[in-house]
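Colleague: Following this message is one structure expressed as structure tokens.
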Amino acid sequence: MALGQPVDGLQRDLSSAGVCAGDEVIVPSFGSVEVVEAVRLAGGVPVFVDIDPGSFCVDPTAVEAAVSPRTAAIVPVHQFGHRADMARLGELARRQGLFLIAYGGEEAREGSAAEVAVRRANAAFLTRRLNDVITPMVRPGAEHAFLQYVVRVPGNGRPDRDAFARTLCARGVRCQVPVQTPVHRMPPFRRDVWLPETERAADECLALPVEAGLTRRELQRVVSACNALGGLLLPA
């Protein structure tokens, strides 16, 4: 098992593990284009699986269902600072004799322990005060460094999320869509698979400011702008 490899190291590790042409490597489709490219460069065939809707990390149950005689490796991705469920995935990899690498490409941006602590405090401030958006969940026993504070905007999917984002930006609140298109729907990697949680997350998710340099006044501005829009976006 290798943990937190940069993407250039991922290709080397897959090749060192013996991944070659035709070998399947299980990966998430949600925000992991670098991982998929590394798998292809190593000669492997990416097999896309769905995510857990709470953590946005790969769903271990979906991984287990995707294992085939051609599977050689599993590459989970730590999403937005939330760690993948390495305990369950590690047990699965040992049982099936598979190579396991957790890709933590964002980890280089985590910063010092003090910065992580401030981001967690900022995230807690937002979570306590935001209404009408679905705030981030942290799996029990997991760590979340909150490299991004990703909420879900309820309503009618992408149109409402995009309208919400445009209005926040107009009110001076920086925000961004963290994953515009799942990898399995990008032309170079397109696969005919249905990943409902991945599709839903791509349509609903929005990253709000959470960085360590924010003041309480700036955080409250984010809260006020978001809460003022809640009544405009009703669930379908």
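Colleague: Taking the options V177, V183, V193, name whichever one is open to solvent by 10 Å² or more (accessible area, probe 1.4 Å) and in contact with a Phe, Trp or Tyr (Cβ under 6 Å, 6 or more places away or on another chain).
Modeller: After applying the criteria, what remains is V193.
Colleague: Same structure, new question: Mind checking whether some residue in segment 163-179 is under 22 Å from I134 (Cβ atoms), among the basic types (K, R) and free of Cβ contacts under 8 Å to residues at least 12 places away in the same chain?
Modeller: yes
Colleague: Does segment 192-209 include one or more residues that are free of Cβ contacts under 8 Å to residues at least 40 places away in the same chain, under 21 Å from H78 (Cα atoms) and not in a loop (DSSP other than H, G, I, E, B)? Walk me through how you get there before you give the answer.
Modeller: Of segment 192-209, the ones free of Cβ contacts under 8 Å to residues at least 40 places away in the same chain are 192, 194, 199.
Those still in the list that are under 21 Å from H78 (Cα atoms) too: 199.
Filter once more, keeping what is not in a loop (DSSP other than H, G, I, E, B): 199.
Within segment 192-209 (the criterion being free of Cβ contacts under 8 Å to residues at least 40 places away in the same chain, under 21 Å from H78 (Cα atoms) and not in a loop (DSSP other than H, G, I, E, B)), the answer is yes, since at least one residue qualifies.
Colleague: Here's another thing I want to ask about it. Which of the residues belonging to segment 24-34 are touching a Leu at 6+ places or on another chain (Cβ under 9 Å), over 14 Å from T71 (Cα atoms) and open to solvent by less than 10 Å² (accessible area, probe 1.4 Å)?
Modeller: Answer for segment 24-34, where residues must be touching a Leu at 6+ places or on another chain (Cβ under 9 Å), over 14 Å from T71 (Cα atoms) and open to solvent by less than 10 Å² (accessible area, probe 1.4 Å): P28, S29, F30.
Colleague: Still on this structure: When segment 120-145 is examined, which residues are found to be at pLDDT 95 or above, open to solvent by 20 Å² or more (accessible area, probe 1.4 Å) and of a type outside the set (A, V, I, L, M)?
Modeller: R120, T127, R128, R129, T135, P136
Colleague: Next up: Name every residue in segment 73-85 that is among the aliphatic types (A, V, I, L, M) and either surrounded by fewer than 20 Cβ atoms within 10 Å (Cβ to Cβ) or not in a loop (DSSP other than H, G, I, E, B) (or both), in order of residue number.
Modeller: Correct list: A73, I74, V77.
Colleague: Would you confirm whether or not segment 132-147 contains a residue that is within 30 Å of A228 (Cα to Cα), of a type outside the set (G, A, S) and part of a helix (DSSP H, G or I)?
Modeller: no
A quick yes/no check of all residues on (1) aliphatic (A, V, I, L, M); (2) open to solvent by 10 Å² or more (accessible area, probe 1.4 Å); (3) part of a helix (DSSP H, G or I):
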position: G22; (1), (2), (3): no, yes, no
position: V36; (1), (2), (3): yes, no, yes
position: V47; (1), (2), (3): yes, yes, no
position: V63; (1), (2), (3): yes, no, yes
position: S68; (1), (2), (3): no, yes, no
position: A87; (1), (2), (3): yes, yes, yes
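Colleague: Which condition number does L14 fail, the rest of (1) out of contact with any Asp or Glu (no Cβ under 9 Å at 6 or more places or on another chain); (2) part of a helix (DSSP H, G or I) being met?
Modeller: Failed condition: (1).
Colleague: Can you tell me which residue in segment 100-117 is farthest from the chain's Cα centre (by Cα), limited to those that are open to solvent by 60 Å² or more (accessible area, probe 1.4 Å) and of a type outside the set (D, E, K, R)?
Modeller: Applying the filter and picking the extreme gives A114.
Every residue, every condition in (1) within 30 Å of E34 (Cα to Cα); (2) open to solvent by 10 Å² or more (accessible area, probe 1.4 Å); (3) at pLDDT below 95, yes or no:
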{"site": "V210", "(1), (2), (3)": "yes, no, no"}
{"site": "R217", "(1), (2), (3)": "no, yes, no"}
{"site": "Q220", "(1), (2), (3)": "no, yes, no"}
{"site": "L232", "(1), (2), (3)": "no, yes, yes"}
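Colleague: I'd like to know if segment 75-93 contains one or more residues that are closer than 24 Å to G44 by Cα and without any contact (Cβ under 8 Å) to a residue 12 or more places away in the chain.
Modeller: Looking for residues that are closer than 24 Å to G44 by Cα and without any contact (Cβ under 8 Å) to a residue 12 or more places away in the chain, one finds at least one in segment 75-93, hence yes.
Colleague: Looking only at segment 148-174, filter to residues that are open to solvent by less than 80 Å² (accessible area, probe 1.4 Å) and assigned to a loop (DSSP other than H, G, I, E, B); which one of those is nearest to L206 (Cα to Cα)?
Modeller: Applying the filter and picking the extreme gives V153.
The values are calculated or read from the model by the stated rules, or taken from the named source; none is laboratory data. Computed from a predicted structure; not experimentally measured. We place every Cβ from the backbone using ideal geometry, glycine too, and count neighbours over all the protein chains shown. Heavy atoms of the whole protein, side chains included, go into the accessibility calculation; ligands, DNA and RNA do not. Shrake-Rupley method; radii C 1.70, N 1.55, O 1.52, S 1.80 Å.
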